Amino acid sequence: MLSLNLLVLFPAVTLALTPSRGCGATPKLITPSSTATPLNLTINSKPRNFFVALPKSYSSTTPHRLVFTLHALGGTASAVIAGTGGYVPYYGLPPLAANDSVPTVFVVPNGLNNGWANQGGEDVTFLRQVLATVEDDLCIDQDLRFSTGFSYGAAMSYALACALGKDIRAVAALSGNPQISGCAGGTEAVAYYGQHGTSDNVLPIE
Ligand SMILES: *[C@@H]1O[C@H](CO)[C@@H](O)[C@H](O)[C@H]1NC(C)=O
Ligand SMILES: *[C@@H]1O[C@H](CO)[C@@H](O)[C@H](O)[C@H]1NC(C)=O
């Protein structure tokens with residue numbers, strides 16, 4: 001009888017869920033304008049900023065998926081958001097996210113000098129602080145953190161997987177390179193999608 005009761009209480013599809021501190025609280029920092037007005041941090045004495053896109057009907061009682069969408073070398077967070085300069089908005093993910101039962105928050109940071117050199121791990125430090133800031137303010141499922149990006153944004157997603165290990169669910173590297181943003185850590189398996197053009201002459205596939 002016990003097992004039957006458990007079966008009823010916990011149906012076959014039980015998703016892991018680690019609600020962040022922002023669950024159940026009214027956001028104090030992030031607003032629907034956070035796609036236009038950046039949030040600011042100081043990391044290693046350097047000013048850093050990032051934008052956040054809330055889903056249409058954000059609810060502080062629903063744990064959301066969090067996706068970093070990182071720009072390429074020479075790119076900006078604003079271009080990733082607006083879909084200018086060769087980007088489609090947020091790498092084309094919002095129409096897919098809109099139909100998912102778990103709503104998505106997109107986080108769009110700016111690299112230093114429009115890149116992600118991650119010197120001394122400073123960009124990992126920055127993105128960790130971004131996660132802490134967003135997750136204190138919004139209701140995020142900490143088991144559903146993701147990162148994607150093109151070129152340097154892919155390399156930085158790779159570096160983030162190395163550094164965060166099991167604290168990031170998966171990364172998708174679009175034409176990246178495992179060297180340019182580094183890989184400190186890299187001891188835990190992380191779900192990974194990679195794609196690369198065979199004619200890429202900026203970061204050749206080799
Ligand atoms: C972040 O800094 C920029 C540039 O100084 C400023 O325009 C913006 O209002 C700041 N964001 C917040 C949330 O205060
Ligand atoms: C999302 O759902 C709408 C309405 O059911 C449908 O028209 C649209 O094609 C779906 N989009 C995707 C990307 O599956």
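The values are calculated or read from the model by the stated rules, or taken from the named source; none is laboratory data. Since the structure is predicted, the reported quantities are computational estimates derived from the model, not experimental observations. Every residue, glycine among them, receives a Cβ derived from its backbone with ideal geometry; neighbour counts consider all protein chains shown. Ligands, DNA and RNA are stripped out before the accessible areas are found, and what is left, the full protein with its side chains, is counted by its heavy atoms. Shrake-Rupley method; radii C 1.70, N 1.55, O 1.52, S 1.80 Å.
Across the protein chains, with a 1.4 Å probe defining accessible surface, the residues E135, E188, E206 rank E206, E188, E135 from largest area downward. Throw me the Rg/Rh for the stretch 155-206, computed over C-alpha atoms with Kirkwood Rh, two decimals. We get a ratio of 0.99 for the stretch 155-206. As I understand it, the value is the acute angle between the Cα axis of helix 122-137 and the longest principal axis of the Cα atoms of the chain; what does it come to in degrees, rounded to 10? In the chain, helix 122-137 runs at an angle near 30 degrees to the longest axis.
For the chain, the alpha carbon positions stretch 63, 38, 33 Å along the principal axes, listed from largest to smallest. About the centre of its Cα atoms, the stretch 125-189 shows a dipole size close to 280 debye [charges on the beta carbon of Lys, Arg (+1) and Asp, Glu (-1) only; nearest 20 debye].
Taking 0.36 nm per intervening residue step and subtracting the Cα-Cα distance, what contour gain separates A189 from L96 on full extension?
Gain on stretching A189 to L96: 30.9 nm.
For the stretch 45-187, the relative contact order works out to 28 percent when only alpha carbon pairs closer than 8 Å and six or more residues apart are counted.
Highest-first packing order for the peptide set 56-65, 23-32 is 56-65, 23-32, based on the mean count of other beta carbon atoms within 10 Å. Between L41, L138, L54, which gets the highest mean-square fluctuation from a Gaussian network model of the chain, Cα cutoff 10 Å? Result for the chain, Cα springs under 10 Å: L41 fluctuates most.
Net charge dipole, the chain: roughly 340 debye, given to the nearest 20, about the Cα centre with Cβ charges of +1 for Lys and Arg and -1 for Asp and Glu.
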